[in-house]
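Worksheet: the structure to be examined is printed underneath.
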């Protein structure tokens, strides 16, 4: 390795001013000797932070100095870095005060054909022994699972059927594995998963199961890295200063897991906790043992959390030790849904890494119907931003499609927020990739500019880009574009995005048909995918617009009490007011409806934005699914005076038996296919009949 260039050091650090002069050593040798002396004086091992501060005279960014330290000290065999990040003198005997957090353990990892130890088998197993922070022994082997490896497993691990065809069966390595493990502490990332597979294989081989003590690095990370939403092995490794995996194989995973364990436990030691039993208690490692009849595991949740959870629709909130909401879910039957967390398939906790381990409290909110639960779930996710909710949590990142019609030469782009700048905005869209694809497809079809020129001064003209040569732009920058033709194209795009015209759709369809006629099926398939995505985005905006234009109605829902009703006043596609009322008298309800209606009449009409798009989406899909339902009472907004007493009486007269809805919301894909295959249909799902008098 080359010597370190002195110019690479930060100037002004006293240690680097040439302290080696007169010692007979070059700079690198001097620094290595100084580091070795410092480590020896401190019991034979020091933390990376302390060594960097001593060698470089800096306590700044560890990430900045770590590579330089490794370059300096990696040239000598006298020093080495342990897996927990501490540097030690290789020849030094263990000294009091330099004790390792985990003196000896075996890191374990397996690769499998699936997630159930009953129905799937091991394809690779790795055991790596760590002693005093150093890898001292390895046991790695592929295994013939005696069945085909699924394609998605091969994609993940790179292990193919060819690799394992001549590998030993697990029964052939069972005794060697048991001998290697002996009575060692076993460490794994979600170690219960690995042990469940190993013990299932040992049982098939007629061997006794492993009953060794174990430590789960995933569970430990949940309690130490509180801000981490999903503590996968790679994420945890990065958080503790290690490099993530480049390949997903048992040996690589096991070695990285061992290094992660050493660094996590070192953090616990820094807090004064040195008892291994105490460390295990902190981690709350869950030992998931497969049952004979089902591939299910034992949950780490305390079953006492189920106490007093009713069998009713509602929302449940999972909280961590700090009381923070980490997950919000809805259920038709709260008790059954929450109880399912106590007996999940083994793969569940890998999908929701750390969720169950972090949960210490469960709160529930009972409502009268599934739709209420859906709406409340969206509101609570928006309020708490739980780290395990991903579907609705990112509503603030829903993009708009923007056409800057106020510009002399408009262009089509994505926008993060809606501004009062004279542009036309479409959305917001929950499907960010679909919105981006729509902009890309339209820009490929329509020869509008894609450059960022403002066209407000002379600097915007001249020097055309390659889009002009490719025929993808009419060239306003060089005076080739006809303003009337350009504006006509912009109007076509706006009409298409608004769902009022299908000129672009027809162009895409013609391109698909032409590709199919040329037998260019690859291009035809790509165009079909583009067609579906664009139609889904345009259809989503059209339905949002139509809901704003036509969805003014009263929605009657069951309440928690059988004698009451939840009445939702939906105005312009959004819930404007909610009333909890008993069925005894219609007059109070009519009065409150009148007040809400008058209040809305005085408000400025606003487009659906981030705070209402999820609610509007749920309502729109619900109304589409339940078209013509007797509990959906449309309201005439044409100016006719409404008899609110008649509306209230009609709402309260609906029987309990009639308040049954299909709450399985139709997906955007289903509705897109509806339009493509059946032609245009009434997307509002609401009767045209009026309840006004």
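In table form, for the structure just shown:
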{"item": "Selection status of residue 527, within 27 Å of the chain's Cα centre (by Cα), modelled with pLDDT of 75 or more and part of a helix (DSSP H, G or I)", "result": "no"}
{"item": "All positions within the stretch 559-596 that are part of a helix (DSSP H, G or I) and either modelled with pLDDT under 85 or under 40 Å from the mean Cα position of the chain (by Cα) (or both)", "result": "596"}
{"item": "Filter result for residue 658 (at pLDDT 50 or above and exposed (fewer than 15 other Cβ atoms within 10 Å of the Cβ))", "result": "yes"}
{"item": "Near pairs, Cβ below 7 angstrom, 6+ apart or cross-chain, from the stretch 418-429 (outside any strand (DSSP E or B)) to any residue that is surrounded by fewer than 11 Cβ atoms within 10 Å (Cβ to Cβ)", "result": "421/406; 422/406; 423/406"}
{"item": "Qualifying residue in the stretch 481-491 (condition: in a loop (DSSP other than H, G, I, E, B), under 16 Å from residue 407 (Cα atoms), more than 40 Å from the chain's Cα centre (by Cα) and assigned by TED's automatic domain parsing to the domain that holds residue 444)", "result": "yes"}
{"item": "Boolean, residue 495 is surrounded by 13 or more Cβ atoms within 10 Å (Cβ to Cβ), free of Cβ contacts under 8 Å to residues at least 40 places away in the same chain and more than 35 Å from the chain's Cα centre (by Cα)", "result": "no"}
{"item": "Residue match in the stretch 89-100 (condition: surrounded by 17 or more Cβ atoms within 10 Å (Cβ to Cβ), touching a helix residue (DSSP H, G or I) at 6+ places or on another chain (Cβ under 7 Å) and modelled with pLDDT of 90 or more)", "result": "no"}
{"item": "Filtered residues of the stretch 316-339 (kept if over 19 Å from the mean Cα position of the chain (by Cα), surrounded by fewer than 18 Cβ atoms within 10 Å (Cβ to Cβ) and farther than 17 Å from residue 372 by Cβ)", "result": "321, 322, 323, 335, 336, 339"}
{"item": "Failed condition for residue 414, given (1) in a loop (DSSP other than H, G, I, E, B); (2) touching a helix residue (DSSP H, G or I) at 6+ places or on another chain (Cβ under 7 Å)", "result": "(1)"}
{"item": "Test result for residue 448, touching a strand residue (DSSP E or B) at 6+ places or on another chain (Cβ under 9 Å), surrounded by 13 or more Cβ atoms within 10 Å (Cβ to Cβ) and more than 19 Å from residue 503 (Cα to Cα)", "result": "no"}
{"item": "Test for residue 263: is it modelled with pLDDT of 75 or more and within 13 Å of residue 189 (Cα to Cα)", "result": "no"}
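For (1) farther than 24 Å from residue 187 by Cβ; (2) at pLDDT 90 or above; (3) crowded, with 16+ Cβ neighbours inside 10 Å, each residue gets a yes or a no:
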| site | (1), (2), (3) |
| --- | --- |
| 110 | no, yes, yes |
| 115 | no, no, yes |
| 121 | no, yes, yes |
| 125 | no, yes, yes |
| 129 | no, yes, yes |
| 133 | no, no, yes |
| 137 | no, yes, no |
| 141 | no, yes, yes |
| 145 | yes, yes, yes |
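Each row is one residue, and each column tells you yes or no for (1) without any contact (Cβ under 8 Å) to a residue 40 or more places away in the chain; (2) surrounded by fewer than 16 Cβ atoms within 10 Å (Cβ to Cβ); (3) on the phi > 0 side of the Ramachandran plot.
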{"position": "164", "(1), (2), (3)": "no, no, no"}
{"position": "168", "(1), (2), (3)": "yes, yes, no"}
{"position": "174", "(1), (2), (3)": "yes, no, no"}
{"position": "177", "(1), (2), (3)": "no, no, no"}
{"position": "184", "(1), (2), (3)": "no, no, no"}
{"position": "188", "(1), (2), (3)": "no, no, no"}
{"position": "194", "(1), (2), (3)": "no, no, no"}
{"position": "200", "(1), (2), (3)": "no, no, no"}
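Condition check ((1) at pLDDT 90 or above; (2) more than 21 Å from the chain's Cα centre (by Cα); (3) assigned by TED's automatic domain parsing to the domain that holds residue 340; (4) within 30 Å of residue 631 (Cβ to Cβ)) across all residues:
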position	(1), (2), (3), (4)
363	yes, yes, yes, yes
367	yes, yes, yes, yes
371	no, yes, yes, yes
379	no, no, yes, yes
382	no, no, yes, yes
389	no, no, yes, yes
401	no, yes, no, no
407	no, yes, no, no
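The values are calculated or read from the model by the stated rules, or taken from the named source; none is laboratory data. Since this is a predicted model, take the numbers as computed values, not measurements. Note: ideal-geometry Cβ built from the backbone for every residue, glycine included; neighbour counts use all protein chains shown.
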